[in-house]
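Everything below concerns the one structure shown next.
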Amino acid sequence: MKNIKIINKKSIGIFDSGIGGLTVVKEIMNLLPNENIVYLGDTARVPYGTKSKETIIKYSLENTKFLLNHNVKMIVVACNSASSYSIEPLKKILKKIPVIGVIEPGAKTVCEKTKTNIIGVIGTTATIKSNSYKKTILKYSKSKKVKIYSVACPLFVPLIEEGWMDKIYQEKYYQKLRLKRVDYENYYNRIINHEKILKYVASEYLSVLKQKNIDSLVLGCTHYPAIKKVLQDVVGKKVVLIDSAKETAKKVYEILKLKNWLNDSFKSGSIEYYVTDYPDKFKLVGSWLLQKNIKNVKKISL
Ligand code: DGL
């Protein structure tokens, strides 16, 4: 019994190549506010999506070892590129510690939501090349006629890491800080330009999918919710965007509940942030994405 209590208080370890995994952190914080979290963003080596399978597995193992040294009870691979290749290798080394990725939750959800069974998937080059979504959707789809069209969008992650995202993120964040538009007028004009350029890039990537009449689009990269509005504008209102962050959070809850490992503390959980480079940039861009002030970010080497 005593042992279970100690496990309950341990943290959930979450990693991504950069800020993308914060979209998953946000949902876990909403659903499980008492849980402690240790987040690692491998910002020195972002993007993962342009790297080979071997390199991505190597990075994932290193990230996991770091999190294990921080006393975690579970590992969440909040990165589609890493989830595409490293869940099985990680399961082998973790044994008693559960590990989940973001592919299964997203694939399951799109199978439930699609009505026409014509599905689009966007992600990094590594994720699309792995066919991880295709395989998982085929596993869960009830229709034998399901059609899946995939497109790699390698420019999105570097842009989002630079802070180019839907302008609503900065607007809401600065409102929370009680800043008025005039206080960041010059910067605001740049944000508007960023959104225009993002729309241009997205139109080029998504033009193929628009011709296929998809009814749902899987955001197969945890960075992409940062540009959800731009993507929705480009594909049109009728297409349902599937973001696996919420479903991943539900899966975390299910696993912890089943193991009786949920943190039963009345206090809000704590969160520690670690990055492998540029902590200040992570603090700023991450705060926009999370809509919360990220204060302490420690730079570490793996
Ligand atoms: N957010 C990650 C993903 O879901 C990583 C993208 C990258 O580093 O290329 O794939």
- Message: Cβ contacts < 9 Å: first residue over 25 Å from Lys167 (Cα atoms), restricted to region 191-215; second residue at pLDDT 95 or above and part of a helix (DSSP H, G or I), any location; separation 6+ or different chain. Result?
- Response: Ile214/Val235; Asp215/Lys113
- Message: Suppose we filter region 220-243 for residues that are of a type in the set (A, V, I, L, M) and away from the ligand (no atom under 16 Å from the Cβ); how many remain?
- Response: 5
- Note on the structure: Turns out the helices (runs of 4 or more DSSP H) fully within region 148-253 with at least 3 residues that are surrounded by fewer than 23 Cβ atoms within 10 Å (Cβ to Cβ) and out of contact with any helix residue (DSSP H, G or I) (no Cβ under 7 Å at 6 or more places or on another chain) are 167-176, 185-210
- Item | First in region 45-72 and without any contact (Cβ under 8 Å) to a residue 60 or more places away in the chain and β-branched (Val, Ile, Thr), second anywhere and loosely packed, with under 14 Cβ neighbours inside 10 Å and not in a loop (DSSP other than H, G, I, E, B), Cβ under 8 Å, 6 or more apart | Thr64/Ile93
- Might you let me know whether region 264-280 holds any residue that is modelled with pLDDT of 95 or more, on the phi < 0 side of the Ramachandran plot and part of a helix (DSSP H, G or I)? yes
- Go through region 17-132 and tell me which helices (runs of 4 or more DSSP H), entirely inside it, have 2 or more residues that are over 30 Å from Tyr149 (Cβ atoms) and away from the ligand (no atom under 16 Å from the Cβ). 22-31, 53-68, 80-94
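The values are calculated or read from the model by the stated rules, or taken from the named source; none is laboratory data. Since we're looking at a predicted model, the values are computed, not measured. Methodologically, a virtual Cβ is constructed for each residue, glycine included, from the backbone with ideal geometry; neighbour enumeration extends over all protein chains shown.
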